[in-house]
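Working notes, beginning with the structure itself.
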Amino acid sequence: MTERAECVLCPNPSPMTLDGTNTWLLAEPGSEDVVVVDPGPLDESHLQDVLRRVTDSGRRVALTLLTHGHDDHAESARRFAELTGAPVRGFGRGHDDLRAGETITVGGLEVLAVETPGHTSDSFSFVLPADNTLLTGDTVLGRGTTVVAWPDGSLEAYLTSLERIEALTRAGEVTSLLPGHGPFVADAAATVTFYLQHRAERLEQVREAVSRGAQTAYAVVEQAYADVPRSVWPAAELSVQAQLEYLRTHP
């Protein structure tokens, strides 16, 4: 996808994972060391596929990074560490060793850790400065929009994270996105602008649904999310809970 990143797609497609989880292999050109981002669910065939991709290129896994702790991204982290002998770094859920603003250097590759909570409380994104790209996990998807996974997720935190990414695009530090699900995003700035506009529109729709008498999150979903497939209504209900919580403090 970029000079320093390639994707191994996990075969776990669903309404929530789109085509499946993107496991990213990062390496500086000419280096033998690979950083793997999000090894995915506990799917032995996928893990072996990732390892084959690395070893067939004459390289080795030196580090695993996690964007967040959801099973479709991180369930296999312990098993992958057993297979590779490489350390795993993430934030929360027993890791707690990533720091916001930290630059991680592996085999000449520089990766900047950016705190982007909201989808979950432990979400991080990773900038590849040399490629002007950002690995976003579930904070920004390659297609559609993401869920704010209430109660762990927070809309206030999520909006702040989108603004943080928007600032990176304005500064020219990030021009493209490598998401946790869906295709490569060539225009990071336009996509983040769309995400911010979409959230503002959804908030207004939630306000209107409540004003019309909707008393539960599901009742709001029926009105405000009638345009999305019913298969994702359970996820939409979580986002509505997060939006209702946000509106309690931001009327």
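So how many Å³ per residue does the convex hull of the Cα atoms of the stretch 17-97 work out to?
Numbers: hull volume 7.4 nm³, N = 81.
Here the figure is 91 Å³ per residue.
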(request) Write out the trypsin sites (Lys or Arg not before Pro) in the stretch 173-251 meeting two conditions: DSSP loop, and at most 16 other Cβ atoms within 10 Å of their Cβ. (result) Arg212
(message) Which one, Ile104, Leu65, Ala189, projects farthest toward the positive side of the charge dipole computed for the chain from Cβ point charges (K/R +1, D/E -1)?
(response) Ala189
(request) Only Lys, Arg, Asp and Glu count, each charged at its Cβ (+1, +1, -1, -1), so figure out the dipole size of the stretch 1-136 about its Cα centre, rounded to 20 debye. (result) 160 debye
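For the chain, what does the helix formula give at 222 nm: sum of -39500 (n - 2.57) over DSSP H segments with n ≥ 4, over the residue count, nearest 500 deg cm²/dmol?
Values: 7 runs with 90 residues, N = 251.
Taken over the chain, the calculation gives -11500 deg cm²/dmol.
Can you list the trypsin sites (Lys or Arg not before Pro) in the stretch 85-141 that are in a DSSP coil and have 14 or fewer other beta carbons within 10 angstrom?
Numbers: sites: Arg89, Arg93, Arg99; in loops: Arg93, Arg99.
Sparse-neighbourhood loop trypsin sites (Lys or Arg not before Pro): Arg99.
Measuring with a 1.4 Å probe in the full set of protein chains, what accessible area per residue, in whole Å², belongs to the chain? Please list the in-between numbers first.
Working: 10790 Å² over 251 residues.
That works out to 43 Å² for each residue.
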(message) Which residue fluctuates most in the GNM of the chain (Cα springs below 10 Å): Val206, Val140, Val148?
(response) Val206
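Within the chain, what whole-number % of the accessible surface is contributed by carbon and sulfur, with the 1.4 Å probe and all protein chains included in the calculation?
Working: 5420 of 10790 Å².
The value for the chain is 50 percent carbon and sulfur by accessible area.
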(request) Please report the Cα spread of the chain along all three principal axes, rounded to whole Å, starting with the longest. (result) 62, 39, 30
(request) Set Lys and Arg Cβ to +1 and Asp and Glu Cβ to -1, take the dipole of the stretch 116-223 about its Cα centre, and tell me which of Thr133, Leu203, Ser176 lies farthest positive. (result) Leu203
(message) Along its three principal axes, how long is the stretch 133-251 when you only count alpha carbons? Whole Å, largest extent first please.
(response) 45, 30, 23
(message) With the crude spin-label approximation of a point 7 Å out along Cα→Cβ, what separation in nm comes out for Ser14 versus Asp71?
(response) 0.7 nm
(message) Which of rounded, prolate or oblate describes the stretch 1-147 when judged by the alpha-carbon gyration tensor and an a/c cut-off of 1.5?
(response) rounded
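The values are calculated or read from the model by the stated rules, or taken from the named source; none is laboratory data. All figures in this text were calculated on a predicted structure; none of them were measured in a lab. Ideal geometry is used to build each Cβ from the backbone, glycine not excepted, and the neighbour counts take in all protein chains shown. We work out accessible area using only protein heavy atoms, side chains counted, and drop any ligands, DNA or RNA first. Shrake-Rupley method; radii C 1.70, N 1.55, O 1.52, S 1.80 Å.
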